[in-house]
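**Q** Here you go, one structure.
The values are calculated or read from the model by the stated rules, or taken from the named source; none is laboratory data. Keep in mind it's a predicted model, so treat the numbers as computed, not measured. Here Cβ is always computed from backbone atoms with ideal geometry, including for glycine, and neighbour counts include all displayed protein chains. In case anyone asks, the SASA skips ligands and DNA or RNA and just uses the protein heavy atoms, side chains included. Shrake-Rupley method; radii C 1.70, N 1.55, O 1.52, S 1.80 Å.
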Amino acid sequence: MKRIETEGMSIQIALRTLRVSEVFVSFQGEGPSGGERAVFLRLAGCNLSCVWCDSAYTWDWSSFKREEESGDKELGELASQLDELAQGTCRLLVLTGGEPLIQQHGVVKLLKLLSTSQPKMRCEVETNGTIVPSVGLAAFVHRFVVSPKLANSCIDQRRRIQFDSLREFASIDKSAFKFVVERPEDFDEIRFVCDAAGIPSEQVWIMPQARTSDDCLQGLRLMSEYALTEGYNLSSRLHILLWEDKRGR
């Protein structure tokens, strides 16, 4: 809601836009849908600030210019753009960020529009797990890919881990959990978070923190045995292996 002051009166106008960073077509590079062709909608804004974030241009306005990196898009126009990019061949929409659940009210409206024009398209929402999804949003989402941030993000635990929210996601059958790992010691924290939030090991994907293909491969090799031992799945970062750290890929 946006508040406008007119002759001493407050008028609330429901916004029909989303703050968008970029829209593109690529392969889903991470998690349970890895390798699938998808339309990506990257929304601007985040409630966290991970030191290794590879999309800081969506939220770090001290380093990037907000007006150059993002803009408000009307929902109908945005739905038409996504329709055109899908071209009848993409069956997956990946909603990412930033943190897309910051704008979940507008996201629900967008997904309602797409459910009419693209009834066979599935929606996968990538989230840091700190915000509980509304019932309305969950109805339109095929899968939540929840990525709780570990201590390697250099964020205070009280900000990055919200156990009530994670338990809510864990209770939804269509949730998967993806952890960004830098070192073997991170598995101790993953085990703690999963136990406290009731996250089954078969719903967990381990992914190396990497900005280059060499680092990605090294991380996969280092973490693979630990993931196998713990009963976790392993996720590559396909877009990094193919195109390094190129935006829009």
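**Q** Taking H placed 1.01 Å from N in the peptide plane, check which residues at least 5 places from residue 176 or on another chain put their amide H under 5 Å from its amide H.
**A** 144, 145, 146
**Q** Beta carbons within 10 angstrom, averaged per residue: use that to sort the peptides 95-102, 241-248, highest first.
**A** Going by the mean number of other Cβ atoms within 10 Å, highest first, we get 95-102, 241-248.
**Q** Give me the number: length gained by fully extending residue 211 to residue 156, i.e. 0.36 nm times residue separation minus the C-alpha to C-alpha distance, one decimal in nm.
**A** Length difference between fully extended and current span is 17.5 nm.
**Q** Relative contact order of the stretch 143-249, please, whole-number percent, based on alpha carbon pairs below 8 angstrom and at least 6 residues apart.
**A** Relative contact order, the stretch 143-249: 24 percent.
**Q** Highest mean first, how do 70-80, 229-239 rank when packing is the count of other Cβ atoms within 10 Å averaged over residues?
**A** My ranking of the peptides, most packed first, is 229-239, 70-80.
**Q** Show the residues, 5+ positions off or on another chain, whose built amide H is closer than 5 Å to the amide H of residue 43.
**A** Long-range HN contacts for residue 43: 21, 96, 97.
**Q** Considering only the chain, what is the antiparallel percent among its DSSP beta bridges, to the nearest 5?
**A** The antiparallel fraction comes to roughly 40 percent.
**Q** OK, next. Between residue 246 and residue 91, what is the spin-label point distance in nm, taking each point 7 Å from the Cα along the Cα→C-beta axis?
**A** In this crude spin-label approximation the distance works out to 2.8 nm.
**Q** Still on this structure: Of all accessible surface on the chain at a 1.4 Å probe, what whole percent is carbon and sulfur?
**A** 50
**Q** Once the convex hull of the alpha carbons of the stretch 26-158 is built, what does its volume come to per residue, in cubic angstrom?
**A** 113
**Q** Tell me the per residue accessible area of the chain using a 1.4 Å probe; a whole number in Å² is fine.
**A** In whole numbers, the chain has 48 Å² accessible per residue.
**Q** Ok, one more. Suppose we look only past 16 Å in the calculated P(r) of the stretch 92-164. What percent of the Cα-Cα pairs does that tail hold?
**A** 49
**Q** Still on this model: Over 33 Å, how big is the tail of the calculated P(r) for the chain, in percent of all Cα pairs?
**A** So the portion of pairs separated by more than 33 Å is 18 percent.
**Q** Using packing as a proxy for protection, rank 85-93, 175-183 so that the peptide with the highest average count of other Cβ atoms within 10 Å comes first.
**A** 175-183, 85-93
**Q** Can you list residues whose amide H is under 5 Å from residue 25's amide H, if they're 5+ apart or on another chain and H is modeled 1.01 Å from N?
**A** 40
**Q** Something else now. Quickly work out the residue 25-to-residue 221 label distance, labels modelled 7 Å from Cα along the C-beta direction, and quote it in nm with one decimal.
**A** 3.6
**Q** When the chain is treated as a GNM, springs tying every alpha-carbon pair under 10 Å, which of 113, 82, 228 comes out with the largest mean-square fluctuation?
**A** Comparing 113, 82, 228 in the GNM, the peak value goes to 228.
**Q** Next up: If the rule is a partner Cβ under 4.7 Å, which cysteines in the chain fail it?
**A** When partners are defined as cysteine Cβ atoms under 4.7 Å apart, the chain leaves 46, 90, 123, 154, 194, 216 without one.
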